[in-house]
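The values are calculated or read from the model by the stated rules, or taken from the named source; none is laboratory data. All values derive from a computational prediction rather than experimental measurement. Please note: Cβ atoms are built from the backbone with ideal geometry, for glycine as well, and neighbour counts cover all protein chains shown. Side chains included, ligands, DNA and RNA excluded: accessible areas come from the protein's heavy atoms. Shrake-Rupley method; radii C 1.70, N 1.55, O 1.52, S 1.80 Å.
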Amino acid sequence: MNVLIVCNGYPTEHALLHRFAEASDMIIAADGGADHLRNAGILPDVITGDMDSCSKHLASTIPVVPVDDQETNDLEKALDLALKRGGMNVKICSATGFRVDQTLKNLSVLLKYNHRFESISIEDDWFSSMVIPKNFSIDVEPGTKISLFPLSGKVDGIFTKGLAYPLNGEPLENGVRDGSSNEAVSGTVEISYVSGHLLLMIGR
């Protein structure tokens, strides 16, 4: 089952939200994400979270699954609900922007839940971001922006094919070397690595 989760970060472009919503079997608003959906003319199937930011009107007209747990954030609560209801492929919108601490937290949540779904990605107006397995390939248009980020702090033994600036076994490490703003030069990009957790960001 395809699930769209909308959080309370920087609002996703309405056209992109509609595209994801139309391809989803279930739409979950993570607390204040319900207001982002309403502003785009979309109603979620359910709202979950600690309910400290969603407008009271929406919370009274849409099914609510409140979770009073301060050890998890609203995205985690929404992902747990998606799992309980059979979600297998998840797109997460409005999970970045505004507060840096919440953006970093949601990237950590992306890693935490990565193995629990068939696919899971954070989507914004500029990139689709996902934690990739140690051997990965994707078809893209040449010229597509590609960025790599060592989500675990350091990723060793990275090899790439199809990028303007290839990696040939080198590591990426926070504060030492990053892999931002690369570019696809062929229709297929191949990436492999030895250890760590690698975040791939694909430009729109």
Exercise for review: Quote the FRET efficiency, to the nearest 0.05, computed for Ala23 versus Arg99 with a Förster distance R0 of 25 Å and r equal to the Cβ-Cβ distance.
Suggested key: 0.30
Check your understanding: Leaving out ligands, DNA and RNA but keeping every protein chain, what accessible area does Met1 have, in Å² rounded to the nearest 10, with a 1.4 Å probe?
Key -> 70 Å²
Exercise for review: Could you state the orientation-averaged shadow area of the convex hull built on the Cα atoms of the range 1-62, in nm² to one decimal?
Suggested key: 3.8 nm²
Review point. Once a ≥ b ≥ c are taken as the square roots of the eigenvalues of the Cα gyration tensor of the range 70-204, is the result rounded (a/c under 1.5), prolate (a/b larger than b/c) or oblate (a/b not larger than b/c)?
Key: prolate
Check your understanding: When the accessible area of the chain is split by element with a 1.4 Å probe, what percent falls to carbon and sulfur?
Key -> 51 percent
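Determine the alpha carbon to alpha carbon distance for each of Lys105/Lys161; Lys84/Lys154; Lys84/Lys112 and list only those over 21 Å.
Lys105/Lys161; Lys84/Lys154
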Study note, to complete from the structure: Counting Lys and Arg as +1 and Asp and Glu as -1 over every other residue whose Cβ sits under 13 Å from the Cβ of Gly157, the net charge comes to -1
